[in-house]
Amino acid sequence: MLFDDHAPAVLAPSSERLLEGLNPQQRLAVVHEGSPLLVVAGAGSGKTKVLTTRIAYLLAARNVQSGEVLAITFTNKAAGEMKERVAALVGGRARAMWVSTFHSACVRILRAEAKKLGFTTTFSIYDQADAQRLMTLVCRDLDLDPKRFPARQMSNQISDLKNELVDWESARATASNVHEEQRAEVYKLYQQRLREANAMDFDDLIMTTVELLQAFPDVAEHYRRRFRHVLVDEYQDTNHAQYTLVRELTQPVGALPAAELCVVGDADQSIYAFRGADIRNIMDFEIDYPEAAVVLLEQNYRSTQRILTAANAVIAKNEGRKDKRLWTDAGDGDLIVGYVADNEHDEAAFVAGEVDALTDAGTISPHDIAVFYRTNAQSRVFEEVFIRVGLPYRVVGGVRFYERKEVRDALAYLRVLANPADTVSLRRILNTPRRGIGDRAEACIEAFASRERIPFAQALSRSAEVPGMAPRSAKAVQEFADLMDELRALVEGKMPPAEVLEAVLDRTGYVKELSESVDPQDESRVENLSELVGVAREFEERVPDGGVPEFLEQVSLVADADQIPDADGTGGVVTLMTLHAAKGLEYPVVFLTGLEDGVFPHLRALGDQAELQEERRLAYVGITRAREKLYVSRSHLRSAWGQTSYNPPSRFLEELPHHLMDWRRVESSVTSTPALARAADRVQSSSVRARSAPGLRPIPNLEVGDRVTHDAFGLGVVTATRGAGDSTQAEVDFGPGTGAKWLLLRYAPIEKL
Ligand code: ATP
Ligand code: MG
């Protein structure tokens, strides 16, 4: 983020003014010097505020240069905001400061040091979808049975290994069974392909930076001298690789003491264990850094007492946690509004109606309001209803802009232009739009490339020599290679990204093909592509000398939560998002929807204590986003994936103390009292399911020792069973990586072998 040089200079405030309004513990954390500092506290207690104020204080009172600060936030958006807040406090000096996500910080380091690692500075960054595409190619090349080794599962397992900083050599050295040996082979070839493509996946960004710092002492020394202050927000969600990165950066260099480290977090808000986040990083901080100072914050500045009491009551049900005494002087506030809907449309209509009533009153505007749900798919119904009643909204996440086919295609062109070695992107666009280069031609080129030991891209320009290829295909390939050379000349001539993009869309015939199509979807594809050109224009304004590689870098690093709309003060729109994307944010009004066992908590968590505890932390995160008004709702009947089911109330709903609740509707058309609802629902659920959904497949009859395949986890062996009828569960061991899981057989996507 850049700041305008012509903006009026903000005078460095007296350091005392920075501390005004902070409570004594917050002050302590802001002014602490020397030893590592851990700030642990519940939601809304000002952890992020402490971090921001501390940075400002370092610059204003402790003579720290902004270039000496490295601050890590959870999203690029949070980074931008933090930088703005610091700039508001200390002015344009904030410019040279590194405030970014782990991934962005690592990319900056890696770009600068790429040559040492055998990459060029324009290496590609593969997101999850690219990574999986490459994994599919790798598994195919190794002739692996896709049933036993689904590419997605392989991707996940290798991602887990990387988060644990296990490279393929160690994975192979420690493999103790055939599966692990096979996996190590996959890992090896996958890394080799990435390297050939001059590319890194998301997990590589962190792991490779750690390796860089460990392998090149001079590089490590450079960054240790540079970053004298390292600050990390949301520390509870760091994984092992990120943890090690922080450790590497904060080591002493010769006589120079270690950089000052300040981390803030809340173990009760750890919600990324599925991505390798390790709650122990925060719990063990005092063990890892014995000289550490610890500051506890106990006053919540965000929510009313009732909202806070509700949050505390829910999280108190988790085991093995440190109890926190969080209080607020914001007053009791309103009761929590509860609503039981007949179905999900009714639930969305209730939310829309409340939003309408709240905004009509004039004190609340749509941008003060957020609607949360457990999974992306749940947004659809809200969108339908909101569109119908004319309520402006914005969805964060979902089928994201950058995941759309046309957008990915266009970006693949840019990537190949910036990085010709990027074979995954190259193969993606080889015949997109269709230009007569079929699978057979592609296979011939691949065979030729590997026989000649030349890169795929190079083989394209020698298509005339490729054996077995029809002359017509050879000609098409040659034309494609020429076209790419032409376009590449534009990039090398430093043409701005938006113009390059337009040239690509035009000269490849991509837009022409879409415009001529009669498929109505293709029309919105054209719109999406113009939006992408718009994104590139915006980028050019922000980064005037940024070229295609810089543009690509920005695009590859936008995370889910980065699409959160800014409050524009003019009314704005209601925000819809998953609970995961809501972390760290706050809204005056929050709707927590879909509170049903099997939805939230997620079905997967029902038979698994550890996962259930993580779901409960997610509930805690959700509740504590609310400042003034909290709504909780559930739907009696819900359709998902073409099936309709009756879901019992979420256990989290029952954990909310009754005296805090104002139930607007306690009964669906089938039950009469909330106390009875759950039991009635249970009875109802099994009988109705069996009656009204004959399409449901029968529950597989499993015994210990049976082998099954699961759509996501792959091959496994049944190790135990329990329950009967609809609630029959089986424990299945999916081997290393995934481990054993309890599955509810009514729903689990498994097949007995
Ligand atoms: P989370 O755990 O959700 O990330 P947090 O601990 O980071 O929360 P902040 O977002 O920093 O909390 O603060 C919550 C709200 O309280 C913000 O609106 C912040 O401006 C406000 N706040 C924090 N400290 C104070 C204070 N001393 N006086 C007034 N307001 C404060
Ligand atoms: Mg925070």
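Only bridges with both residues in the chain count here: give the DSSP antiparallel percent, nearest 5. Counting DSSP beta bridges with both partners in the chain, the antiparallel share is about 30 percent.
Accessible surface of Thr721, taken over heavy atoms with a 1.4 Å probe and every protein chain present, rounds to 70 Å². Got a number for carbon plus sulfur as a percent of the range 698-752's accessible area, 1.4 Å probe? Looking at the range 698-752 in its full context, I get 49 percent from C and S. Surface exposure of the chain, expressed per residue as accessible area with a 1.4 Å probe, stands at 44 Å².
Here the range 77-92 is scanned for amide nitrogen atoms under 14 Å from the site 7 Å beyond the Cα of Arg542 along Cα-to-Cβ, giving 77-84. Around the Cα centre of the range 698-752, unit charges on the Cβ atoms of Lys, Arg, Asp and Glu (plus for the first two, minus for the last two) sum to a dipole of about 60 debye.
Here the peptides 439-445, 584-590 are ranked by packing, the mean other Cβ count within 10 Å, and the order with the highest first is 584-590, 439-445. Computed from point charges on the beta carbon alone (+1 for Lys and Arg, -1 for Asp and Glu), the dipole magnitude for the range 124-197 about its Cα centre is near 180 Debye. In the chain, a dipole from Cβ-located charges (positive for Lys and Arg, negative for Asp and Glu) runs towards its positive end, and of Met495, Ala96, Gln299 it is Gln299 whose Cα lies farthest in that direction.
For the set Trp327, Trp663, the ranking by accessible area, highest first and with no ligand, DNA or RNA atoms included, is Trp327, Trp663 under a 1.4 Å probe. Counting protein heavy atoms only, the range 69-108 has 56 percent of its accessible area on carbon and sulfur, 1.4 angstrom probe.
Sorting the segments 454-464, 269-279 by their residues' average number of neighbouring beta-carbon atoms within 10 angstrom, most packed first, yields 269-279, 454-464. Working note: 222 nm ellipticity from helices only, DSSP H runs with n ≥ 4, each -39,500 (n - 2.57), summed and divided by the residues of the chain, gives -14000 deg cm²/dmol to the nearest 500. Rg and Dmax of the range 698-752, both derived from C-alpha coordinates alone, stand at 9.9, 30 Å. Solvent-accessible surface (1.4 Å probe) assigned to Leu70 amounts to roughly 10 Å². The lysines whose alpha-carbon is closer than 17 Å to the alpha-carbon of Lys583, local same-chain residues fewer than 8 away aside, are Lys47, Lys49, Lys77. Extension gain for the segment Val389 to Lys116, taken as residue separation times 0.36 nm less the Cα-Cα distance, is 92.5 nm to one decimal. Taking every DSSP beta bridge that has both ends in the range 698-752, the antiparallel portion is near 100%. Listed values for the range 146-158 are Karplus-derived 3J(HN,Hα) couplings in whole Hz (6.51 cos²θ - 1.76 cosθ + 1.60, θ = phi - 60°), namely x, 6, 7, 10, x, 4, 5, 5, 4, 4, 4, 5, 6, and x replaces Gly and Pro. As a calculated quantity, the FRET efficiency between Arg17 and Ala292 at R0 = 30 Å, using C-beta atoms, amounts to about 0.55. Projecting the Cα atoms of Gly739, Ala457, Leu411 onto the charge dipole of the chain, computed from C-beta unit charges around the Cα centre, puts Gly739 farthest toward the positive end.
Here the range 124-197 exposes an accessible surface that is 44 percent carbon and sulfur, computed with a 1.4 Å probe and the other protein chains kept in place.
Here the 3J(HN,Hα) profile of the range 198-214, calculated from phi with Karplus coefficients 6.51, -1.76 and 1.60 at θ = phi - 60°, is 6, 9, 10, 8, 4, 5, 4, 4, 6, 4, 5, 5, 4, 4, 4, 5, 7 Hz, Gly and Pro shown as x.
The separation of the range 189-205 from the range 91-118, counted between C-alpha centres, amounts to 20 Å. Each Lys and Arg Cβ is given +1 and each Asp and Glu Cβ -1; about its Cα centre, the chain then shows a dipole of about 780 debye.
Here's the picture: charge each Lys and Arg Cβ at +1 and each Asp and Glu Cβ at -1 in the chain, and of His229, Leu249, Gly276 the one pushed furthest to the positive end of that dipole is Gly276. Only protein heavy atoms count here; on that basis, with a 1.4 Å probe, Lys317 has an accessible area of about 110 Å². Counting only aspartates and glutamates at least 8 places from Lys115 when in the same chain, those with an alpha carbon closer than 15 Å to its own are Glu196, Glu211, Asp218.
The values are calculated or read from the model by the stated rules, or taken from the named source; none is laboratory data. Just so we're clear, the structure is a prediction, and the values are computed from it rather than from any experiment. No Cβ is skipped: glycine too gets one built from the backbone with ideal geometry, and neighbour counts run over all protein chains shown. Note: areas computed on protein heavy atoms with side chains; ligands, DNA, RNA excluded. Shrake-Rupley method; radii C 1.70, N 1.55, O 1.52, S 1.80 Å.
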